[in-house]
Amino acid sequence: IKVKRAAEVMCVFPFVVIAFEMEIIPAERIVAQIGGRLTLTCNTTGCASPSFSWRAGMDNPLGGEVSNHRTYSTLTMNPVTILNSHLYLCTVICNEKQKKEKHVKVEIYSFPRDPIIKISPSLVAGEPATVVCEIPRVYPSNRLEVLLKKDEYVLHEENFFEDGSTNPETKTVTYTFHPMVEDIGKEIICEASLPIADMDFEPKERTSSQKLNVTFGPQNTTITASPGSSPREGDSLTLSCVTQSNPPPQIVWTKRLAEGSIQHLIKNNVLFIPRVHFNDSGLYICEVINLVTNKTEEATVDIFIQGAPVITKLSIEPSTTVQEGESVSIQCSAESDPPPEIILRRKSDNANMEPYSAGRILLPSVTFQNGGDYECVAENKWGSSRSEITLNVKYGPKNTMITVIPTAALKEGETVTMKCTSSGNPAPVISWNKKKATGESEKISKNATLTIQNLKSQDLGLYECEAYNQFGKEEKAVKLFIQGLLEEPDQMISLIIAFSSVAAVAVPAVAILIYVSRQAKINGSYSLVKALRLKV
């Protein structure tokens with residue numbers, strides 16, 4: 001607008017007046033989570049110096065902190081509590097003349113965390129287990145719905161519509177079920193929802209899951225033997241123990257020995273023997289232990305090593321050295337697959353003493369002839385084995401004999417050799433004695449052979465051979481004497497005559513003299529040594 005006056009021009013600009021207004025941010029309705037932070041802002045326009053005031057519905061405490069600024073005021077609730085669930089009114093006065101008010105409704109909820117799943121620490125297949133799902137600090141709980149699922153299968157459903165809690169509370173859902181082996185790896189899911197349709201917040205549904213680890217077993221334990229349960233001697237053998245168990249079990253291999261005791265071998269699922277021997281035959285036990293379930297299961301396999309027999313025992317009872325007359329048992333046992341045929345015999349014999357199928361010889365009263373080496377032979381289709389043992393029979397002297405050399409007629413001045421032999425165990429000690437005229441015996445030699453050189457009349461008489469050891473004594477005797485041959489037919493010339501006899505059994509001297517006299521008359525001479533040599 002231009003106004004012209006005399007000598008001047010004046011310009012007038014338009015003036016805009018802004019009306020007094022107010023607003024609350026956020027407006028009308030707000031949803032806040034307990035424990036969070038909420039700020040309400042009361043803002044003005046068109047007033048240079050507004051005055052602010054806040055008030056809670058029903059004159060409840062504000063439950064927050066007010067901060068006034070030039071053109072706006074804030075009410076901050078940190079943290080938001082259950083007490084902040086009110087209608088809040090902001091009043092603004094401008095220049096002490098104009099007054100405006102607006103309100104906002106604060107609605108409270110609590111759904112801060114995902115559910116917490118708690119499952120029994122060790123789930124054992126077939127045994128009851130408890131699942132607990134905790135929904136922390138939920139409000140309002142009477143709107144809470146909970147689903148428990150195993151994968152997509154619903155196990156349990158629960159709501160809290162009748163719950164009258166006025167404060168945030170942790171709600172718990174508990175369910176008991178029986179886990180099975182096939183549940184391993186499946187998930188337990190807890191779905192919690194707070195479906196309040198007229199409240200705008202996220203999330204309204206929270207989910208947690210936990211995988212199931214079901215312990216079981218051991219069960220269905222088996223043993224496989226490769227190349228089989230009857231390998232040949234010298235082959236390798238692998239025994240594998242297979243079982244079903246969670247967690248993996250501890251496996252212990254043992255072997256039951258012949259006397260019933262248990263031999264511990266190895267802690268492993270595989271037992272490997274590079275070269276089997278016959279003594280590897282036996283019952284093998286695979287013991288499977290689940291350290292969580294504290295359950296044990298066993299599987300067994302009989303292993304028979306095929307091969308040539310092994311002689312396990314060759315013995316003489318009561319001892320390998322016995323005294324004649326004692327009872328003696330000789331036993332031989334052998335093992336093999338297939339079972340062996342056992343032959344037990346004395347080596348000097350061409351055939352078995354008897355057919356002892358059990359490998360046993362019984363000598364009720366052993367004699368010195370039974371002594372010697374005994375052989376045990378065990379045979380089957382894979383081969384044979386043999387072993388020897390010696391029976392040493394102790395006995396006193398036997399079969400003592402005297403041999404006189406020469407055995408022809410002897411003359412004075414010749415040499416006579418008398419040899420004494422005897423058997424016994426231990427070998428007998430042999431000595432020679434000579435009978436004196438007084439009847440006493442004089443020990444003249446400790447050798448088995450007695451030699452008399454340049455035979456004289458004083459050498460005549462009775463000579464005794466004595467054989468002895470710790471088990472007995474035996475004696476034999478020989479007599480040397482001179483008998484003259486007369487010039488007349490009834491006389492005899494001087495001859496040296498030897499006569500032998502067992503010391504205990506003497507031949508009557510009269511009969512001998514008559515016999516000698518008759519022969520001398522016929523032949524002119526006679527050698528008694530020669531006549532009796534078969535009896536010496």
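The values are calculated or read from the model by the stated rules, or taken from the named source; none is laboratory data. It should be emphasised that the depicted structure is a prediction, and the values quoted were computed from it without experimental measurement. Positions of Cβ are generated from backbone atoms using ideal geometry, with glycine treated the same way; all protein chains shown enter the neighbour counts. All accessible areas refer to the heavy atoms of the entire protein, side chains included, with ligands and DNA or RNA removed. Shrake-Rupley method; radii C 1.70, N 1.55, O 1.52, S 1.80 Å.
Annotation: per residue accessible area for the range 21-109 equals 56 Å², rounded to a whole number [probe 1.4 Å, protein chains only]. With all protein chains in place and a 1.4 Å probe, the accessible surface of the range 151-266 carries 46 percent carbon and sulfur. So which of Lys347/Lys419; Lys394/Lys443; Lys411/Lys476; Lys347/Lys381; Lys443/Lys476; Lys313/Lys394 end up more than 22 Å apart, counting from Cα to Cα? Beyond 22 Å: Lys347/Lys419; Lys394/Lys443; Lys411/Lys476; Lys347/Lys381; Lys313/Lys394. Peptide packing: for 202-212, 327-337, the average count of neighbouring Cβ atoms within 10 Å per residue gives the ranking 327-337, 202-212, highest mean first.
If you model the range 310-394 as an ellipsoid using its alpha carbon gyration tensor, with each semi-axis the square root of five times an eigenvalue, the axes come out at 24, 12, 10 Å, biggest first.
For the range 165-320, the solvent-accessible area of protein heavy atoms averages 52 Å² per residue (probe radius 1.4 Å; ligands and nucleic acids excluded). Here the peptides 188-200, 99-111 are ranked by packing, the mean other Cβ count within 10 Å, and the order with the highest first is 99-111, 188-200. Cross-link partners of Lys446 among aspartates and glutamates, defined as those whose alpha carbon lies under 13 angstrom from its own and excluding same-chain residues fewer than eight positions apart: Glu464, Glu466. Within a straight-line Cα-Cα reach of under 26 Å, Lys211 can be paired with the following lysines, leaving aside sequence neighbours fewer than 8 residues apart in one chain: Lys118, Lys149, Lys150, Lys171, Lys186, Lys295. Here the accessible area is traced with a 1.4 Å probe on the protein chains. For the range 310-394, carbon and sulfur cover 46 percent of it. Each peptide among 233-239, 376-382, 88-94, 262-268 gets the average number of other Cβ atoms lying within 10 Å of its residues, and from highest to lowest they stand as 88-94, 376-382, 233-239, 262-268.
Taking only protein heavy atoms and a 1.4 Å probe, what accessible area per residue, in Å², does the range 396-480 have with all protein chains in place? Intermediate values should be presented prior to the final figure.
Working: 4510 Å² over 85 residues.
With all protein chains present, the range 396-480 gives 53 Å² per residue.
For the range 21-109, DSSP calls about 85 percent of its internal beta bridges antiparallel.
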